[in-house]
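Chemist: This structure is in structure tokens; I'll ask about it shortly.
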Amino acid sequence: MATLLTGLFAASLPAHAQDGVPGSPAAASSSGASATPASQKAADRALRRRVLNALAKAKGLHAGGITVRATNGAVRLEGWVPEQAQIDQATRIAQGVAGVTSVKNTLALSTF
């Protein structure tokens, strides 16, 4: 009986070992059109940098208090600016960056 169970266990190992191997059925079903988590994180970081650079280059915008979060093209602006007009300006700038699909602006006014 133990030999039979050992044989069944050993026979099931190669099927699990091939998960994620190119050309295997498991890899074909999971590859799809979606990006891997690592490549998506890299894309999010790159988008975040592009938005931060655009904000930093904008004339009349105090971008030092702004934090940018990016996830799958959705950008969230957080932090503070000294004037209401800069809140609207930051939104417009972020919307103009390539790859941005939406902008949520939670910037607050602060004079310090």
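Chemist: Of all residues being among the basic types (K, R) and in a strand (DSSP E or B) in segment 71-107, which is surrounded by the fewest Cβ atoms within 10 Å (Cβ to Cβ)? Just the residue, please.
Modeler: Looking at the filtered set, the residue picked out is K104.
Chemist: Hey, can you tell me all the residues within segment 64-81 that are at pLDDT 95 or above and farther than 13 Å from T106 by Cα?
Modeler: A70, T71, N72, G73, A74
Chemist: Out of segment 86-105, which residues are closer than 13 Å to A58 by Cβ and touching a residue at least 24 places away in the same chain (Cβ under 8 Å)?
Modeler: Q86, Q89, A90, I93, A94, G96, V97
The values are calculated or read from the model by the stated rules, or taken from the named source; none is laboratory data. Given the structure is predicted, the values throughout are model-derived calculations rather than measurements. Positions of Cβ are generated from backbone atoms using ideal geometry, with glycine treated the same way; all protein chains shown enter the neighbour counts.
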